[in-house]
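Q: Take a look at this one; I'll ask things after.
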Amino acid sequence: MPNQPDNTANKVESPILFMGDTALDGAASYLAGMITLKGWSFEYIPSDQFPSLRQLEASRSLFILSDFMSRQLDEKAQRTILGQVDNGSGLLMLGGWESFCGMGGDWAGTPIASALPVEISAKDDRINFDQVALLSSLEPDHPILNGLPWDDCPPAIGGFNRFAAKPSSQTLVEVVRHEVSRQKGNFVLKKADTDPLLVTGKFGTGRTAALATDLAPHWVGPLVDWGTQNSPNPSGGGRVRGHAEGAEEVEVGIHYARFVQQLLAWTGNLE
């Protein structure tokens, strides 16, 4: 049953409430690993569960929704979250098949959608592709993007949710799709579509962000290894490991880890 009171004893509140990405021992291992690697604590809710009122009312610095369907949060639950965001908490939605519109996300027209910095489609917004989609930084000095090699080593992704940035928002990263052909023995890239990939905004005194791609396979694509630089050593050469309690250990590129941690740090004012 959705959003029932939780009468369990009070627990130490975690600054981050992470909802979605299927399960902690599955896709959620990636984001959970990066949170733990940074030294932050979090409370986790799987994609098939309803958060309790206690979990939603506990004081948070950041709420994360990733592959978490809107039907898992009724209007009261969403407005409970937005009450904290209005007073300074952060709100982040990550892409996925059950994020934004997706295939059952259905966030368009919800209170959460009104707070996010993007316009969410009312019909399937999933974009999958079999050729190159590179990320282009528009604001490389922004705290989320700072210190990363956007020009020297732009990362690629495997898919995303297509949305439009609201007029009052700021687009930090675009995804630029390319058509690739082989001509006279050489690969040739031709620029195709461009869409917003990372958009930030404000709701009340809180920060909001929407990242169109996932941070876990398969949509994360090569981004998860950003920083590896084709090292022949799978455990070195720009890789780090993260392991949250109850989750699988993950091994990712150092630039991926920094990007994810800076995204969370800025949105939730965690540092």
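The values are calculated or read from the model by the stated rules, or taken from the named source; none is laboratory data. Nothing here was measured: the structure is a model prediction, and the numbers come from that model. Cβ atoms come from the backbone with ideal geometry, glycine included; neighbour counts cover every protein chain shown.
Q: Inside the stretch 58-154, counting only strands (runs of 3 or more DSSP E) that do not spill past its ends, which hold 1 or more residues that are closer than 22 Å to Tyr44 by Cα, within 15 Å of the chain's Cα centre (by Cα) and of a type in the set (Val, Ile, Thr)?
A: The qualifying strands (runs of 3 or more DSSP E) are 62-66.
Q: Shifting gears a bit: Just to verify a result, which residue in the stretch 17-33, among those that are in a loop (DSSP other than H, G, I, E, B) and aliphatic (A, V, I, L, M), is surrounded by the most Cβ atoms within 10 Å (Cβ to Cβ)?
A: Among those residues, the one meeting the criterion is Ala28.
Here is a yes/no grid of residues against (1) in contact with a Leu (Cβ under 6 Å, 6 or more places away or on another chain); (2) modelled with pLDDT of 95 or more:
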| site | (1), (2) |
| --- | --- |
| Pro117 | no, yes |
| Ile120 | no, yes |
| Phe129 | no, no |
| Pro143 | no, yes |
| Gly147 | no, yes |
| Asp151 | no, yes |
| Pro155 | yes, yes |
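Q: Sticking with this structure for a sec: Mind listing whichever residues of the stretch 155-170 are buried (at least 20 other Cβ atoms within 10 Å of the Cβ), not small (Gly, Ala, Ser) and not in a loop (DSSP other than H, G, I, E, B)?
A: Phe160, Asn161
Matching residues to (1) touching a helix residue (DSSP H, G or I) at 6+ places or on another chain (Cβ under 8 Å); (2) farther than 27 Å from Leu17 by Cα:
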position	(1), (2)
Leu82	yes, no
Gly105	yes, no
Pro117	no, no
Glu139	no, yes
Trp150	no, yes
Pro154	no, yes
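Q: Go through the stretch 34-57 and count every residue that is closer than 21 Å to Thr208 by Cα, in a helix (DSSP H, G or I) and touching a residue at least 40 places away in the same chain (Cβ under 8 Å).
A: 5
Q: Which ranges mark the strands (runs of 3 or more DSSP E) fully within the stretch 195-271 that have 1 or more residues being touching a Ser or Thr at 6+ places or on another chain (Cβ under 8 Å) and among the polar types (S, T, N, Q)?
A: In the stretch 195-271, 206-211 are the strands (runs of 3 or more DSSP E) which contain 1 or more residues that are touching a Ser or Thr at 6+ places or on another chain (Cβ under 8 Å) and among the polar types (S, T, N, Q).
Q: Please work out if Arg177 is among the basic types (Lys, Arg), closer than 20 Å to Ile64 by Cβ, in contact (Cβ under 8 Å) with a residue 24 or more places away in the chain and surrounded by 14 or more Cβ atoms within 10 Å (Cβ to Cβ). Give the derivation first.
A: Values: among the basic types (Lys, Arg): yes; closer than 20 Å to Ile64 by Cβ: no; in contact (Cβ under 8 Å) with a residue 24 or more places away in the chain: yes; surrounded by 14 or more Cβ atoms within 10 Å (Cβ to Cβ): yes.
It is false that Arg177 is among the basic types (Lys, Arg), closer than 20 Å to Ile64 by Cβ, in contact (Cβ under 8 Å) with a residue 24 or more places away in the chain and surrounded by 14 or more Cβ atoms within 10 Å (Cβ to Cβ).
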